[in-house]
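Take a look at the structure below.
The values are calculated or read from the model by the stated rules, or taken from the named source; none is laboratory data. Owing to the predicted nature of the structure, the values given are computational and were not obtained by experimental measurement. Cβ sites come from the backbone with ideal geometry, for glycine too, and all protein chains shown count toward neighbours. When the accessible area is computed, the model is the full protein with side chains, heavy atoms only, and any ligands, DNA or RNA have been set aside. Shrake-Rupley method; radii C 1.70, N 1.55, O 1.52, S 1.80 Å.
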There are 2 protein chains.
Amino acid sequence: MAKAPVLTPRAVDFPRWYQDLINKAELADNGPVRGTMVIRPYGYGLWERMQAEMDARIKESGASNAYFPLFIPQSYLTREAEHVEGFAPELAVVTHGGGKELEEPVVVRPTSETIVNDYFAKWVQSYRDLPLLINQWANVVRWELRPRVFLRTTEFLWQEGHTAHATYEDARDYAAHIHRNVYADFMENVLAMDVLAGRKTAAERFAGAINTLTLEGMMGDGKALQLGTSHELGQNFAKAFHTQYLSKDGRQEYVWQTSWGSTTRMVGALVMMHGDDDGLRVPPRLAQIQVVVLGVKDDAAVVAEVREIGERLTAAGIRVRVDDRTDIPFGRRAVDWELKGVPVRIEVGPRDLENGTAMLVRRIPGGKAPVALDALAGLLPQILDEDQALLLRQSRERRESRTTDVTTVEEAVEAATAGGWARIPWAVLGEEGEARLAEHAVTVRCLVAADGSVPDADDAPGNVAVVARAY
Amino acid sequence: MAKAPVLTPRAVDFPRWYQDLINKAELADNGPVRGTMVIRPYGYGLWERMQAEMDARIKESGASNAYFPLFIPQSYLTREAEHVEGFAPELAVVTHGGGKELEEPVVVRPTSETIVNDYFAKWVQSYRDLPLLINQWANVVRWELRPRVFLRTTEFLWQEGHTAHATYEDARDYAAHIHRNVYADFMENVLAMDVLAGRKTAAERFAGAINTLTLEGMMGDGKALQLGTSHELGQNFAKAFHTQYLSKDGRQEYVWQTSWGSTTRMVGALVMMHGDDDGLRVPPRLAQIQVVVLGVKDDAAVVAEVREIGERLTAAGIRVRVDDRTDIPFGRRAVDWELKGVPVRIEVGPRDLENGTAMLVRRIPGGKAPVALDALAGLLPQILDEDQALLLRQSRERRESRTTDVTTVEEAVEAATAGGWARIPWAVLGEEGEARLAEHAVTVRCLVAADGSVPDADDAPGNVAVVARAY
């Protein structure tokens, strides 16, 4: 007997499948103001775990958290020419406060480079104050014309790192360190997401940066999504805000800076990377709930047993939820946990108890089998490790199988519009070819070196452009 | 030899002492937009530890974190009459977004009861969905005419809890639970702050609440500061937003609600409650740095020893910072750690090494003494416990010694203007007396029952009003 699908199948309509999943797994709702979102507890729980894992890596990298104001004087934005050009069309502007029209309107931060530099200029005096390594967890606002929940929202949550260094090399190395040891490490090892590390072309760089490093993920439909980015800002903001330090040999020098960010978009990426037609699949290392223990029927012995299993597994260091809501039909609860992508379900009914077993259902590879109750705690860590590895492998295999090497712009457009990525030598494509791709809504996601590493320069010999349609 | 004071002494000018301390201990700077603040890493570190301790207590109380949008349609605010009257004068209004004038202006949230109810009305269907227990960590904006950093800022950080219940009793009990087991427990046991638990009078209630529970702290100058508040909202917002549920017996009923909040103001309270003329004193259970180990001189053996002590104490579960920045004069570093209020300093110089000792300096009770190096790890846990207890005791003794029982409005005003709190029977004071106090900038901080508990009603027999000047 075929189940009626709970979600629109991905093959029928991928964007609708995404929206269905977000709603039915109770990840988020659209907000009342266009482009905003309400992150529901289950969706926010994913973000909280992301925050905890990222925050630990950021602190290990030597940065401290701080908080800068939401409101930025409009005049600050205009001090760095490229920056204002990039952000002006997306700004939300507060014109009234406390019942009066403001003398100078303030913008709601779209990012904080300008206001951060205003303070770095005060805090940095001498080379002894460098490097200055700051991170902020905050909300930002960028007015979106075509919003999509988690992926492009008018307000989103993120972390933004801001650092100042004495030399170009130190700034460059720190941006690369964050790119590799914070973002790529987190995405691969916690989110189980295959990501491609590369360098943005000049056309795709952050407004005000001299270099942008990116991580690009391939979604379930073959499109690309930009995940964390790390920027070398050079001395652009330092010159605009007079952020200077006294060097060891007694000269006033401008600092070299970086900024780097990652956002709630990662929740959307998780859905589009690992989701299937039954719902989300959450990597065990990320999951707030790694294992849910379900009582099948309203039976005192069953309820007692699921609670005891819950305690035993919690004691074994597994993140467990006990679902003993036997006043809700079992089938509805099972579908709900499947939608929410909890890696393992342990289902216990009266007949299982008689046999001393439980049904162990694996969401990630699929499949179910009875397992002896006293074997559960021993089996689960290995199962969770396997599932974590499987998700990463599946996402890597998807990218590899859907990436084509091409030699012309036409072939690149064809591969991208067919739902894949194309690799084309940058020496062949160039900025002119990049402009031609744009006519077909195809973009250069990043440049990679011939050996797969991140190139030092746009025009390094052997650079390959990876092109795709993108969210 | 008398030291030149680093801060304006409290007895000379308490508000200036506060501002000096905030600046010199590097807790925060004023932001460029009037009333906003930049929370610097050391100040933010205090807030992060507060968040972690509070968040654990909130989750133990069954609430889940979620996130609602920053922007609220202006029309939402007007649906609950008292609420809009309370907040309208403080709103920041966004009139332009994405380069265009908005059709309906949006307000930057001053609090989220309205937008939360818009979603609770969708999410709550039946009694099975109740209680619905949500918490949010966020920034909010209330335009301030007389801002003061941490205490009253146009933007501040907070947590706001929002819950919906099937019955009046369940909502009332939950508000009381948060008041006692989250807020009072955290403030007394982590912040080491004596707080008075009571009930707000009708004049001082949250706009839209039927009852507000409060915790009031006495600052170093005898003024009061309102810390966490918990509100019973009755069915006011439920009726305005049609937040209804299907009861067990099949009827549509309005939910009963609570909301409760605590803010970055607690950082200011920490300063004004525990600070002295040398700086801040951080309670050990809160401190991100409980012990700092300082190398006195640039000497290889000294630097090696302080690092080893750091590792040993970290292994013993103490939060340690090693300060081996011997290129900065020792005296400057010692004063800085004193300003920042780190509970214990361990100072190691070449002569100490010869003796196999270190100088142990206690910030909270004051005093220093040499201690054998191998005794440190064993001694510190008890020292930190003593210091934690001492701060709580000192704040309690301050309140007790500066609180006077009075029987007339005139005596109450006199006690409050002299820098203390007065207790006056509510039956004597009443709303008329409360209005007379206001003429002298004195307010009823809260009502307490004759036995010191929190009264069930404003007019319960034996209620005592505690009155004071307040921040």
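A few points about this structure:
- Set side by side, the residues B:404, B:408 differ, and just one is farther than 24 Å from residue B:193 by Cβ and surrounded by fewer than 18 Cβ atoms within 10 Å (Cβ to Cβ), which is B:408.
- Filtered by the rule that a residue be of a type in the set (A, V, I, L, M), more than 8 Å from every other protein chain (Cβ to nearest Cβ) and under 28 Å from residue B:229 (Cβ atoms), segment B:101-128 gives B:107, B:116, B:121, B:124.
- Of the listed requirements (1) over 18 Å from the mean Cα position of the chain (by Cα); (2) under 30 Å from residue B:91 (Cβ atoms), residue B:169 misses just one: (2).
- Selection within segment A:430-452: residues that are more than 28 Å from residue A:15 (Cβ to Cβ) and out of contact with any strand residue (DSSP E or B) (no Cβ under 8 Å at 6 or more places or on another chain). The member of this set that is surrounded by the most Cβ atoms within 10 Å (Cβ to Cβ) is A:430.
- Looking across segment A:101-128 at every residue that is of a type in the set (A, V, I, L, M) and touching a residue at least 12 places away in the same chain (Cβ under 8 Å), the one that is surrounded by the most Cβ atoms within 10 Å (Cβ to Cβ) is identified as A:116.
- The helices (runs of 4 or more DSSP H) found wholly in segment A:264-382 and carrying at least 2 residues that are more than 14 Å from chain B (Cβ to nearest Cβ) and loosely packed, with under 15 Cβ neighbours inside 10 Å occupy A:300-315, A:350-355.
- Condition check for residue B:131: in contact (Cβ under 8 Å) with a residue 12 or more places away in the chain, more than 10 Å from every other protein chain (Cβ to nearest Cβ), of a type outside the set (A, V, I, L, M) and open to solvent by 10 Å² or more (accessible area, probe 1.4 Å): yes
Matching residues to (1) within 11 Å of chain B (Cβ to nearest Cβ); (2) crowded, with 17+ Cβ neighbours inside 10 Å; (3) touching a residue at least 40 places away in the same chain (Cβ under 8 Å):
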position: A:67; (1), (2), (3): yes, yes, yes
position: A:70; (1), (2), (3): yes, yes, yes
position: A:73; (1), (2), (3): yes, yes, no
position: A:81; (1), (2), (3): no, no, no
position: A:89; (1), (2), (3): yes, no, yes
position: A:92; (1), (2), (3): yes, yes, yes
position: A:96; (1), (2), (3): yes, yes, no
position: A:99; (1), (2), (3): yes, no, no
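- Matching option when the condition is open to solvent by 10 Å² or more (accessible area, probe 1.4 Å), more than 10 Å from chain B (Cβ to nearest Cβ), within 19 Å of the chain's Cα centre (by Cα) and more than 22 Å from residue B:56 (Cβ to Cβ), among A:9, A:15: A:15
- Single condition residue A:388 does not satisfy, out of (1) under 26 Å from residue A:317 (Cβ atoms); (2) within 26 Å of the chain's Cα centre (by Cα); (3) free of Cβ contacts under 8 Å to residues at least 40 places away in the same chain: (3)
- Yes/no for residue A:259 being in contact (Cβ under 8 Å) with a residue 12 or more places away in the chain, buried (at least 18 other Cβ atoms within 10 Å of the Cβ) and either farther than 30 Å from residue A:436 by Cα or outside the structural domain of residue A:367 (by TED's automatic domain parsing) (or both): yes
- Residues satisfying the stated conditions in segment B:18-59, i.e. over 19 Å from the mean Cα position of the chain (by Cα), within 11 Å of chain A (Cβ to nearest Cβ) and open to solvent by less than 40 Å² (accessible area, probe 1.4 Å): B:31, B:33
- The one condition in (1) on the phi < 0 side of the Ramachandran plot; (2) open to solvent by 40 Å² or more (accessible area, probe 1.4 Å); (3) modelled with pLDDT of 95 or more that residue A:62 fails to fulfil: (1)
- Qualifying position, being out of contact with any Leu (no Cβ under 9 Å at 6 or more places or on another chain), open to solvent by less than 20 Å² (accessible area, probe 1.4 Å) and of a type in the set (A, V, I, L, M, F, W, C), among A:422, A:465: A:422
- Residues that are at the interface with chain A (Cβ under 10 Å from one of its Cβ atoms) and open to solvent by 10 Å² or more (accessible area, probe 1.4 Å) within segment B:140-154 comprise B:142, B:143, B:144, B:145, listed in sequence order.
- Number of the exception - residue B:174 against (1) touching a Pro at 6+ places or on another chain (Cβ under 9 Å); (2) open to solvent by 30 Å² or more (accessible area, probe 1.4 Å): (2)
- Checking each residue in segment B:245-259 for being farther than 13 Å from residue B:165 by Cβ and in a strand (DSSP E or B) picks out B:246, B:252.
- Here A:457, A:449 are screened, and the one residue that is among the small types (Gly, Ala, Ser), in contact with a Pro (Cβ under 6 Å, 6 or more places away or on another chain) and free of Cβ contacts under 8 Å to residues at least 24 places away in the same chain is A:449.
- Boolean, residue A:190 is in contact with a strand residue (DSSP E or B) (Cβ under 6 Å, 6 or more places away or on another chain) and either more than 14 Å from every other protein chain (Cβ to nearest Cβ) or not aromatic (Phe, Trp, Tyr) (or both): no
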